[in-house]
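S.K.: A single structure is presented below for examination.
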Amino acid sequence: MPRKTRHYDTADYLRTEEDIALYMEAVMEEGGDDASFIAHALGDVARARNMSQLPREVGMTREGLYKALSSEGNPSFDTIMKVAKALGLQLGFKPVRGVRAVRRVCRPVRRTSANVSSASR
């Protein structure tokens, strides 16, 4: 006898702002370097909020936005930022544990009259 299954949609489980924040935090930890993974997750949030005005707020067509937020989409960083802002979300950065960052030593700039006059142009 075949087993009955139901379609799983993450959007069905994103009911509160806390759910959405925790989901996006997990997405960033799991696939933070994969723009399409993040875009797909933003699509889940958009579906959870039933945001029919989202394409207008982002400045895209509905079809273009669906494509960009699909798992096959390849959105620009600008698109991701616009969608996040329209959904009331903010991207953040934090240090990665166990990864040694490349550091550049910055030397203080000595203030001279030449620096001041060229900076004011």
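The values are calculated or read from the model by the stated rules, or taken from the named source; none is laboratory data. Predicted model, so just to flag it, every value in this text is computed and none were measured. Ideal geometry is used to build each Cβ from the backbone, glycine not excepted, and the neighbour counts take in all protein chains shown.
S.K.: Do we have G43 as modelled with pLDDT of 80 or more and under 21 Å from R15 (Cβ atoms) here?
M.R.: Yes.
S.K.: Output the residues belonging to region 58-75 that are in a helix (DSSP H, G or I) and under 16 Å from the mean Cα position of the chain (by Cα).
M.R.: V58, L65, Y66, K67, A68, listed by residue number.
S.K.: Also, I was wondering about something else. Could you list, in sequence order, the residues of region 67-82 that are surrounded by 11 or more Cβ atoms within 10 Å (Cβ to Cβ) and either in contact (Cβ under 8 Å) with a residue 40 or more places away in the chain or in contact with a Gly (Cβ under 9 Å, 6 or more places away or on another chain) (or both)?
M.R.: Correct list: K67, A68, L69, S70, G73, P75, T79, I80, K82.
S.K.: Let me ask something additional. Any residue that is part of a loop (DSSP other than H, G, I, E, B) and of a type in the set (S, T, Y) - is there at least one of those in region 14-21?
M.R.: The answer is yes, given that some residue of region 14-21 is part of a loop (DSSP other than H, G, I, E, B) and of a type in the set (S, T, Y).
S.K.: Based on what the data block shows, is D44 in contact (Cβ under 8 Å) with a residue 12 or more places away in the chain and either surrounded by fewer than 13 Cβ atoms within 10 Å (Cβ to Cβ) or touching a strand residue (DSSP E or B) at 6+ places or on another chain (Cβ under 9 Å) (or both)? Before you say what the answer is, go through the steps one by one.
M.R.: Details: in contact (Cβ under 8 Å) with a residue 12 or more places away in the chain: yes; either surrounded by fewer than 13 Cβ atoms within 10 Å (Cβ to Cβ) or touching a strand residue (DSSP E or B) at 6+ places or on another chain (Cβ under 9 Å) (or both): no.
Against the criterion (in contact (Cβ under 8 Å) with a residue 12 or more places away in the chain and either surrounded by fewer than 13 Cβ atoms within 10 Å (Cβ to Cβ) or touching a strand residue (DSSP E or B) at 6+ places or on another chain (Cβ under 9 Å) (or both)), D44 does not qualify.
S.K.: For region 17-31, how many residues are more than 17 Å from K85 (Cβ to Cβ) and loosely packed, with under 13 Cβ neighbours inside 10 Å?
M.R.: Final tally of qualifying residues: 6.
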